[in-house]
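> Mind looking over this structure? Questions follow.
The values are calculated or read from the model by the stated rules, or taken from the named source; none is laboratory data. These figures come from a predicted structure and were not determined experimentally. With ideal geometry, Cβ positions are generated from the backbone for all residues, glycine too; neighbour counts draw on all protein chains shown.
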């Protein structure tokens with residue numbers, strides 16, 4: 001299947017599309033344009049960003065995005081070819097709210113709910129500090145996928161080193177909840193600053209004592225209180241995490257890798273590809289953004305002008321441009337621009353060639369999208385990206 | 001030539017959105033400082049190491065131990081678990097015990113799930129590196145350049161000591177966190193160097209980052225780096241060149257070169273890119289209130305020390 005058809009099939013049939021990739025490769029724009037295309041195909045679509053930098057809101061021309069889907073105005077969507085049946089909503093993950101909602105869902109009593117929400121450690125865990133973003137994102141995707149008023153959920157993830165944390169999040173939470181250490185910490189003796197020695201190695205006890213001394217007992221009391229309060233909820237979390245993982249690695253979901261055209265970006269994409277492979281993630285294909293394409297007929301030249309005809313080319317062009325004093329530097333500038341641009345085209349092509357081979361081997365698609373002359377900062381801009389992305393008849397499988 | 005004040009700092013933290021070329025800027029700065037006779041350490045923070053391979057793809061990694069890559073220029077990657085091991089080893093004095101515990105799966109799981117400590121221990125290690133002195137009493141490193149995490153996480157990274165200070169009531173951890181916070185907030189020693197691209201979204205994000213860093217973290221800034229900028233392809237006064245080329249007869253042949261319409265298309269593309277970049281360079285300078293230092297786009301990417309040297313000159317330019 002050619003790349004445009006493969007990509008269209010995904011947008012038409014899947015329930016969850018996850019865009020992964022390193023930073024600065026147009027991942028957010030890709031997520032938003034896939035979502036727009038979903039709406040154009042008549043699906044009720046939501047796009048979720050995890051990026052705290054508000055890029056999705058900017059690209060959609062929406063001032064603020066909340067933790068619940070904000071529907072984009074029907075008239076504006078209709079103007080871009082979204083039929084009556086389709087819709088597009090956007091939301092930005094509010095980690096704290098998502099976590100609070102979860103606690104509310106699973107707390108076994110009002111008292112334990114209050115105890116957790118008021119716990120100092122919980123506040124830091126659930127706040128903007130690292131650690132909870134990935135889990136709450138997964139949770140949010142799952143929550144959205146449970147709704148019957150949405151057909152397609154497109155997810156924009158944080159840059160690569162975190163994208164895999166995102167995938168690992170439910171498993172990590174499960175492992176943590178099941179770990180012996182948690183049981184040691186949950187031992188009531190812990191709250192008094194002593195440890196169940198038989199339950200844990202002597203060395204660990206010593207280290208934990210030192211951590212306790214360094215950090216102040218209160219800090220550890222907070223942790224144990226947090227874990228105690230959490231214990232009542234852990235079964236609910238555990239079940240939930242299992243279902244989240246099953247949903248994201250199941251047939252309803254597909255992962256699309258966004259990459260840039262540069263060598264550095266390709267290197268990062270290849271590294272990410274390997275990690276996705278070893279994690280058993282079903283990667284459907286790659287979109288290489290912002291590729292330079294040669295504007296002329298024929299192959300991209302190695303050198304403009306041909307070195308042996310440099311003087312001849314300059315003289316002919318300068319004469320054609322009027323033969324004045326200004327014509328000589330103009331001819332040089334025009335030839336230099338073509339030479340420089342050909343260099344960009346060649347560099348992009350070479351950089352993404354290996355990626356294409358690797359993806360092709362696994363049956364995935366590679367879609368190269370030309371660089372836009374301007375920025376994408378509104379729905380119309382997104383629509384033109386989607387047009388290029390889904391333009392039919394391209395050869396880049 | 002007098003040294004740029006950038007090189008007179010003890011600590012320069014390079015940050016920016018992913019893909020802006022943070023690592024390139026950090027490496028260019030580090031090499032320039034070493035070339036000026038400073039003893040430089042470049043500390044990478046993150047799961048992968050990029051600096052050593054940038055200078056030589058086949059060279060072994062610098063790791064937590066660090067390695068001198070060029071005369072006076074060392075690099076290392078701060079792994080939070082290595083740093084934690086070192087810290088606990090210093091506190092307890094039993095390296096073997098600490099190693100065993102850190103290798104314990106359950107302990108790792110507890111730590112993996114705990115927020116904030118990675119940032120704190122990483123900054124703690126940087127603080128420790130800054131405080132190292134050789135036998136004569138001179139600093140072990142004149143300049144430490146930190147390649148910090150990408151923007152969103154970068155802010156969290158620098159804000160952790162303050163958060164810990166408010167969460168932990170007493171004890172050595174609180175004290176250590178306050179030392180780290182004092183270093184970050186000391187404008188004489190520490191400078192934050194944001195790296196941006198001259199495009200709308202990264203430009204806006206940079207403005208937001210700078211505002212929040214000023215207000216929330218209180219770290220000093222004196223310039224913003226705008227990377228990968230395309231220069232105007234036209235000679236001054238010839239901005240209509242592409243249009244005139246496009247008007248040349250269709251069958252006009254330039255010996256050994258593509259037809260005029262193709263030259264026009266290339267000029268137009270580069271010209272549009274340059275105009276867009278120019279607009280956002282001005283916007284970045286205006287919204288951050290900082291002078292912009294503009295680095296050129298290298299179409300083939302950074303391919304070694306020579307490219308880094310080319311980038312260093314505009315980076316260090318002094319005055320506004």
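> If you go through segment B:115-125 one residue at a time, do you hit one that is free of Cβ contacts under 8 Å to residues at least 12 places away in the same chain and more than 30 Å from residue B:304 (Cα to Cα)?
Looking through segment B:115-125, at least one residue is free of Cβ contacts under 8 Å to residues at least 12 places away in the same chain and more than 30 Å from residue B:304 (Cα to Cα).
> In addition: Hey, can you tell me all the residues within segment B:190-219 that are more than 14 Å from chain A (Cβ to nearest Cβ) and crowded, with 17+ Cβ neighbours inside 10 Å?
Matches in segment B:190-219: B:190, B:191, B:192, B:193, B:219.
> Out of (1) buried (at least 18 other Cβ atoms within 10 Å of the Cβ); (2) within 14 Å of chain A (Cβ to nearest Cβ), the odd one out for residue B:307 is which?
Unmet for residue B:307, out of (1) buried (at least 18 other Cβ atoms within 10 Å of the Cβ); (2) within 14 Å of chain A (Cβ to nearest Cβ): (1).
> How many of the residues making up segment A:78-88 are touching a residue at least 60 places away in the same chain (Cβ under 8 Å) and either under 18 Å from residue A:149 (Cα atoms) or within 14 Å of chain B (Cβ to nearest Cβ) (or both)?
The number of residues fulfilling the criteria is 0.
> Ok, one more. Mind checking whether some residue in segment A:12-24 is within 26 Å of residue B:19 (Cβ to Cβ) and out of contact with any strand residue (DSSP E or B) (no Cβ under 7 Å at 6 or more places or on another chain)?
Yes, segment A:12-24 contains at least one residue that is within 26 Å of residue B:19 (Cβ to Cβ) and out of contact with any strand residue (DSSP E or B) (no Cβ under 7 Å at 6 or more places or on another chain).
> Test residue A:82 against the criterion of being touching a strand residue (DSSP E or B) at 6+ places or on another chain (Cβ under 8 Å), in a loop (DSSP other than H, G, I, E, B), crowded, with 24+ Cβ neighbours inside 10 Å and modelled with pLDDT of 70 or more, and give yes or no.
yes
> So, one more: Would you check which residues across segment B:262-301 are within 30 Å of residue A:294 (Cα to Cα) and part of a strand (DSSP E or B) and list them?
If the condition is that a residue be within 30 Å of residue A:294 (Cα to Cα) and part of a strand (DSSP E or B), then B:294, B:295, B:296 are the ones that fit.
> Which residue is farthest from the other protein chains (Cβ to nearest Cβ), if the candidates are limited to segment A:347-358 and must be under 20 Å from residue A:29 (Cβ atoms) and within 21 Å of the chain's Cα centre (by Cα)?
A:355
> In segment A:251-282, what residues are away from chain B (no Cβ under 14 Å) and at pLDDT 85 or above?
Once the filter is applied, which keeps residues that are away from chain B (no Cβ under 14 Å) and at pLDDT 85 or above, segment A:251-282 yields A:251, A:252, A:253, A:254, A:255, A:256, A:257.
> For residues that are in contact (Cβ under 8 Å) with a residue 12 or more places away in the chain and part of a loop (DSSP other than H, G, I, E, B), tally how many sit in segment A:243-278.
Adding up the residues that qualify gives 4.
> Only one of (1) over 30 Å from residue A:58 (Cα atoms); (2) facing chain B (nearest Cβ under 7 Å) fails for residue A:344. Which number is that?
Condition (1) is where residue A:344 drops out.
> Among B:46, B:66, B:89, which is the only one that is over 19 Å from the mean Cα position of the chain (by Cα) and either within 11 Å of another protein chain (Cβ to nearest Cβ) or modelled with pLDDT of 85 or more (or both)?
The match here is B:89.
> Look through segment A:1-42, keep the residues that are modelled with pLDDT of 90 or more and assigned to a loop (DSSP other than H, G, I, E, B), and return whichever of them is farthest from residue A:264 (Cα to Cα).
A:42
> Which residues, taken from segment A:318-341, are within 7 Å of another protein chain (Cβ to nearest Cβ) and more than 45 Å from the chain's Cα centre (by Cα)?
Passing the criteria: A:320, A:321, A:326, A:329.
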